[in-house]
1. Restricted to the stretch 110-162, and to residues that are more than 14 Å from Trp189 (Cα to Cα), over 17 Å from the mean Cα position of the chain (by Cα) and charged (D, E, K, R), which residue is most open to solvent (accessible area, probe 1.4 Å)?
2. Going residue by residue through the stretch 193-213, is there one that turns out to be under 22 Å from Leu110 (Cα atoms) and within 11 Å of the ligand (Cβ to nearest atom)?
3. Please determine whether any residue of the stretch 164-177 is of a type in the set (Ser, Thr, Tyr), under 17 Å from the mean Cα position of the chain (by Cα) and away from the ligand (no atom under 11 Å from the Cβ).
4. Tell me the helices (runs of 4 or more DSSP H) entirely within the stretch 165-231 that contain at least 3 residues that are polar (S, T, N, Q).
5. When the stretch 178-192 is examined, which residues are found to be within 17 Å of Val68 (Cα to Cα), within 9 Å of the ligand (Cβ to nearest atom) and not aromatic (Phe, Trp, Tyr)?
6. Does any residue of the stretch 77-90 turn out to be touching a Pro at 6+ places or on another chain (Cβ under 9 Å) and open to solvent by 20 Å² or more (accessible area, probe 1.4 Å)?
7. If a residue has to be more than 25 Å from the chain's Cα centre (by Cα) and either of a type in the set (Val, Ile, Thr) or not in a loop (DSSP other than H, G, I, E, B) (or both) to count, how many in the stretch 1-15 make the cut?
8. Select, from Arg104, Arg128, the only residue that is in contact with a strand residue (DSSP E or B) (Cβ under 8 Å, 6 or more places away or on another chain) and basic (Lys, Arg).
Amino acid sequence: MVQPTDTQSLILWVGTALMALGTVAFIAMGWGEKNERKQEFYIITIFITAIASVSYFSMATGYGLIEVPVGGETLDIYWARYADWLFTTPLLLLDIALLAGADRNTIATLVGLDVAMILTGLAGALARSSALNRMLWWGISTAFMIAVLFFLVRTLSGQAARQSSAVAATFSRLRTMILVLWSLYPVVWVLGTESTIGALSLTQETIAFAILDVTAKVGFGFVLLRSRDALEDVSTSAQAAD
Ligand SMILES: *C/C=C(C)/C=C/C=C(C)/C=C/C1=C(C)CCCC1(C)C
């Protein structure tokens, strides 16, 4: 059975630790919060890093890694990433959508497109028939990602613009983080092992995904949860609407 190299394992343990530390920090920050609306943001954000730390643990210990034969070569694929992303990317979108005061249909559309993005990306990572076939899945997944980012910029920004200035400022910071960081995932995928191009080694790819994951989850969580004025405004406007 294939195992991570020592370097990969070290990177993945660092990832596990940072995700776990983020989880503990978010629990501490939300401790004693009585307002139910504000609690939502803490609960969602805590789950994001908690799920990621378990996924990193599974990869660090080799459980999350499999061999996929494609056209005579064998690719080492960390499948656990996709199990993580399937849950954590919708939760990240839920965080920013609740902040923007999005309606149910917008949230459902965003989550649906996002789940399609991750599942078609997983299909590409596991496809055995040919490198071309893997790249076609990549193209489909990337199209779904563009749709997610389009919705974020168009529909969600419009809804956030109706909120207080504190909410709008935090929203725009988080939106920029998503636009920049998420766009880099398909680039790393295509340069790395998954596409069979292999311009990045599996170790370099592991480093790149670890930096992206920690920034997009722990960094994102800190930006959101430290915006106390924004969370306050969201909870009062939601109460007024109830
Ligand atoms: C915390 C994890 C995050 C924010 C993960 C985001 C992942 C993506 C935006 C992944 C996108 C992909 C494509 C658009 C095509 C190729 C396959 C993926 C799954 C890497």
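1. Looking at residues that are more than 14 Å from Trp189 (Cα to Cα), over 17 Å from the mean Cα position of the chain (by Cα) and charged (D, E, K, R), I get Arg162.
2. Going through the stretch 193-213, the residues under 22 Å from Leu110 (Cα atoms) turn out to be 212-213.
Now drop any that are not within 11 Å of the ligand (Cβ to nearest atom), which leaves 212-213.
So far as the stretch 193-213 goes, yes, one or more of its residues are under 22 Å from Leu110 (Cα atoms) and within 11 Å of the ligand (Cβ to nearest atom).
3. Going through the stretch 164-177, the residues of a type in the set (Ser, Thr, Tyr) turn out to be 164-165, 170, 172, 176.
If we keep only those that are under 17 Å from the mean Cα position of the chain (by Cα) too, we end up with 176.
Now drop any that are not away from the ligand (no atom under 11 Å from the Cβ), which leaves 176.
The answer is yes, given that some residue of the stretch 164-177 is of a type in the set (Ser, Thr, Tyr), under 17 Å from the mean Cα position of the chain (by Cα) and away from the ligand (no atom under 11 Å from the Cβ).
4. Details: elements: 165-191, 202-214, 220-225.
Passing ranges, in order: 165-191, 202-214.
5. First, pick out the residues of the stretch 178-192 that are within 17 Å of Val68 (Cα to Cα): 189-190, 192.
Pick out the ones that are also within 9 Å of the ligand (Cβ to nearest atom) and you get 189-190.
The one that is within 17 Å of Val68 (Cα to Cα), within 9 Å of the ligand (Cβ to nearest atom) and not aromatic (Phe, Trp, Tyr): Val190.
6. So far as the stretch 77-90 goes, no, none of its residues is touching a Pro at 6+ places or on another chain (Cβ under 9 Å) and open to solvent by 20 Å² or more (accessible area, probe 1.4 Å).
7. First, pick out the residues of the stretch 1-15 that are more than 25 Å from the chain's Cα centre (by Cα): 1-2, 6.
Subset that is either of a type in the set (Val, Ile, Thr) or not in a loop (DSSP other than H, G, I, E, B) (or both): 2, 6.
Looking only at that region, the number is 2.
8. Numbers: Arg104 fails: in contact with a strand residue (DSSP E or B) (Cβ under 8 Å, 6 or more places away or on another chain).
Answer to the check: Arg128.
The values are calculated or read from the model by the stated rules, or taken from the named source; none is laboratory data. Note that the coordinates shown come from a computational prediction; the quantities given were computed from them, not determined experimentally. Using ideal geometry, Cβ is built from the backbone for each residue, glycine included, and neighbour counts are taken over all protein chains shown. Side chains included, ligands, DNA and RNA excluded: accessible areas come from the protein's heavy atoms. Shrake-Rupley method; radii C 1.70, N 1.55, O 1.52, S 1.80 Å.
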